[in-house]
1. Could you work out how far apart the two model spin labels at Lys120 and Lys49 are, taking each label as a point 7 Å from the Cα in the direction of the beta carbon, and quote it in nm?
2. Would you compute, from DSSP H runs of 4+ residues alone, the mean residue ellipticity of the chain at 222 nm, taking -39500 (n - 2.57) per run and dividing by the full residue count, rounded to the nearest 500?
3. If amide H atoms are built 1.01 Å from N in the plane of the peptide, which residues on other chains or at least 5 residues away come under 5 Å of the amide H of Asp88?
4. How do Thr90, Thr29 rank when sorted from fewest to most other Cβ atoms within 10 Å of their own Cβ?
5. Neighbouring Cβ atoms within 10 Å as the yardstick, rank Arg86, Arg63 fewest first.
6. Between Lys113 and Val32, how high is the FRET efficiency from 1/(1 + (r/R0)^6) when r is the Cβ-Cβ distance and R₀ = 35 Å? Nearest 0.05.
7. When the Cα atoms of the chain are enclosed in a convex hull and the volume is divided per residue, what value in Å³ results?
8. Out of Pro111, Pro100, Pro43, any idea which swings most in a Gaussian network model of the chain, alpha carbons joined below 10 Å?
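Please treat every number below as a calculation from the coordinates, not as lab data. A quick note: this is a predicted structure, and the numbers were derived from the prediction, not measured. Reconstructed Cβ throughout: ideal geometry from the backbone, glycine too, with neighbour counts over all protein chains shown.
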Amino acid sequence: MATYPLPVFHFKVEWGGQNVGFSEASGLTQEVQLIEYRDGNSPDYSTIKMPGLHKFNNITLKRGITKGDNDFFKWLNTVKLNTVERRDLTISLMNENHEPVMVWKAHNAFPVKVEGPGLKASGNEVAIESIEIAHEGIVLQND
């Protein structure tokens, strides 16, 4: 039997114990920063490269706007000088049986940007809002 890659359209997002529906999740990126170094008495006229600190991109979540739902703005308004309401965030890619196959867990997440929809008089799309979330690291669970 052939093994096929997973489709990206079936996922769920949990934050603060709530299961919230989103139309898009992006920014699940991790990288290791590069350190270049050259010893002063090295006979080579080039640097050596070694791994440095881990770096995690901000996560962006998008969803359709519903009347009376201001959760993004309420969470953003918890950000004050040196204090913020942090939440753990879990993003799960699901299989056809609605079981998580890959799970990304972001720790100590907090909002840094909320963007409302682009309004257009001739448009007929759903109004989409987005939230950009900073965090202190992602752990990937791949079953």
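1. My value for the distance between the label points is 4.0 nm.
2. -1000 deg cm²/dmol
3. Gly16, Asn108, Ala109
4. Thr29, Thr90
5. With the fewest neighbours first, Arg86, Arg63 line up as Arg86, Arg63.
6. Once rounded, the FRET efficiency stands at 0.90.
7. 236 Å³
8. Pro43
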